[in-house]
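The values are calculated or read from the model by the stated rules, or taken from the named source; none is laboratory data. Treat the numbers as computed from the prediction; the structure is a model and nothing was measured. Methodologically, a virtual Cβ is constructed for each residue, glycine included, from the backbone with ideal geometry; neighbour enumeration extends over all protein chains shown. Areas reflect the complete protein model, heavy atoms only, side chains present, ligands, DNA and RNA absent. Shrake-Rupley method; radii C 1.70, N 1.55, O 1.52, S 1.80 Å.
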Amino acid sequence: SQELEQSPQSLIVQEGKNLTINCTSSKTLYGLYWYKQKYGEGLIFLMMLQKGGEEKSHEKITAKLDEKKQQSSLHITASQPSHAGIYLCGAAASSNTGKLIFGQGTTLQVKP
Amino acid sequence: EAGVAQSPRYKIIEKRQSVAFWCNPISGHATLYWYQQILGQGPKLLIQFQNNGVVDDSQLPKDRFSAERLKGVDSTLKIQPAKLEDSAVYLCASSFHRVRTEAFFGQGTRLTVV
C-alpha cells in the first residue's frame, strides 16, 4: 500500500524566515494535495498539483511536484505567526479515485 | 458558499456505547468522504460515497462502524459498540467530482471513548 513520508515532523522558525516541508511517496503520484490544519480542527485546502514539474503559489506559499522523484515540497517565504499549524500532504490513491492517502503531518511553529 | 457542516463538535462516551455523527456536504458535491484521524497521525479514509452509493469502504471496520448517505446529500456515521481505540477526530469531506478535484473538509467531530 502507498505511504507518504513528511519531513521534518516538526519545525520551529523565527518570524520572517523561509522554510520547506517535503513529502515523499512510496509509489507513483496521481495527484498531490496540500492541506493545513489547526489543532483540533478540520483541514483547509491549500493547493493541488497534478502534473510533474507543476508549481503553484498562493500568497507566500509555493508547492512543487517532482513526479519522477515521487516528491512534493511546500515552501513558505517570510513566515508569519499565521502560518503556524499542521501541514499535511495527501496523495490520490490511484488515477480513478478521490481517496487520499495522507502523510503524518508537519507541525510548524513560528516565533514572533 | 457554505462549507461542510458536521455535528456534534465533541462527544464523550463510555466504551460499548453507541454514537452517531452527522455531515452535510457542500451543495452540489456528489462525492462524500468520512476520514478518521487519530492524534498525531494523518487522516485515514473510512468510507467514500458517490451520490448515495458506496465507492470504497475497504478500511471501514464493518463489525462496528456503519455509514449511510440517504438521498445522496446528508450522511451519518455510526459506531456501535465503541472501543477505546475509536477515540479520534472524525472528519467529513466532500468534492464536486470523484477524481482530480480538491476535497473540502468540515471541522470534524472529536470523539473520546472512556
Selection from segment B:66-89 of residues in contact (Cβ under 8 Å) with a residue 60 or more places away in the chain, over 10 Å from the mean Cα position of the chain (by Cα) and under 19 Å from B:L45 (Cβ atoms) yields B:I79
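Give the residues of segment B:65-114 that are aromatic (F, W, Y) and closer than 15 Å to B:W34 by Cβ, sorted by residue number. Don't jump to the end; show me each part of the working.
Taking segment B:65-114 first, the residues aromatic (F, W, Y) are B:65, B:90, B:96, B:104-105.
Matches in segment B:65-114: B:F65, B:Y90, B:F104, B:F105.
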Got a number for residues in segment B:72-111 being part of a strand (DSSP E or B), open to solvent by 40 Å² or more (accessible area, probe 1.4 Å) and either within 12 Å of chain A (Cβ to nearest Cβ) or among the small types (G, A, S) (or both)? 2
Only strands (runs of 3 or more DSSP E) wholly contained in segment B:8-71 count here; list those with 2 or more residues that are at pLDDT 95 or above and not charged (D, E, K, R). B:10-13, B:19-24, B:31-37, B:44-50, B:65-68
What number of residues within segment A:1-53 satisfy the criterion of being open to solvent by 70 Å² or more (accessible area, probe 1.4 Å) and not in a loop (DSSP other than H, G, I, E, B)? 5
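Rundown of residues vs (1) farther than 28 Å from B:R9 by Cα; (2) within 14 Å of chain B (Cβ to nearest Cβ); (3) in contact with a helix residue (DSSP H, G or I) (Cβ under 7 Å, 6 or more places away or on another chain), yes/no style:
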position	(1), (2), (3)
A:E3	yes, yes, no
A:Q9	no, yes, no
A:Q14	yes, no, no
A:T20	yes, no, no
A:C23	yes, yes, no
A:Y30	yes, yes, no
A:W34	no, yes, no
A:K38	no, yes, no
Counting only residues that are under 22 Å from A:G103 (Cβ atoms) and either open to solvent by less than 10 Å² (accessible area, probe 1.4 Å) or more than 10 Å from chain A (Cβ to nearest Cβ) (or both), how many does segment B:32-59 have? 10
Is at least one residue of segment B:16-29 in contact with a Leu (Cβ under 8 Å, 6 or more places away or on another chain), within 12 Å of chain A (Cβ to nearest Cβ) and surrounded by 17 or more Cβ atoms within 10 Å (Cβ to Cβ)? yes
Considering only residues that are in contact (Cβ under 8 Å) with a residue 40 or more places away in the chain and either open to solvent by less than 60 Å² (accessible area, probe 1.4 Å) or assigned to a strand (DSSP E or B) (or both), which ones fall in segment A:54-76? A:Q70, A:Q71, A:S72, A:S73, A:L74, A:H75, A:I76
Please specify each residue of segment B:1-15 satisfying the condition of being under 17 Å from A:F45 (Cβ atoms) and surrounded by 13 or more Cβ atoms within 10 Å (Cβ to Cβ). B:G3, B:V4, B:A5, B:Q6
In segment A:74-88, is there at least one residue being closer than 16 Å to B:A103 by Cα and within 14 Å of chain B (Cβ to nearest Cβ)? yes
